[in-house]
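Report on the structure given below.
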Amino acid sequence: MGEDAVLDDLILLSHELGEEAIQFPFLGEGNLSVDCGDDTFWVKTSGSNIATIHHSSFSRVMYEVVRDSLVEENMRQSSGETF
């Protein structure tokens with residue numbers, strides 16, 4: 001499955017879960033993401049409504065960038081460095 005198909009499926013599922021007729025409870029709508037299988041993932045942007053979500057409501061994120069950022073932050077905290 002291609003990366004666009006993965007996101008398309010997530011959007012379709014989101015629309016289905018967000019239908020008023022289903023009355024599925026969401027508290028603050030939370031996080032919504034999908035792994036692309038290529039060391040990246042799509043994640044829903046803050047404030048997006050799942051019932052009406054679209055492609056521009058997602059950001060593509062690289063796992064490596066997140067891991068490196070977390071390691072760097074942990075090293076800063078361990079050394080007592082502040083912003």
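Rule-based calculations on the coordinates, nothing more; no lab input. Because the structure is predicted, anything quoted here is derived from the model rather than measured. As a convention, Cβ positions derive from the backbone with ideal geometry for all residues, glycine included, and neighbour counts pool all protein chains shown.
Worth pointing out:
- Structure-based [θ]222 nm, the chain - -39500 (n - 2.57) summed over DSSP H runs of at least 4, per residue, nearest 500: -13000 deg cm²/dmol
- Whole-angstrom Cα spans of the range 3-79 along principal axes, big to small: 53, 27, 17
- Extension gain, Val43 to Met62: 0.36 nm times the residue separation minus the Cα-Cα distance gives 5.8 nm.
- Between helix 3-17 and the chain: long-axis angle, C-alpha atoms, 0 to 90°, nearest 10: 60
- Panel order for Met75, Met62, by other beta carbons found within 10 Å of each beta carbon, from fewest to most: Met75, Met62.
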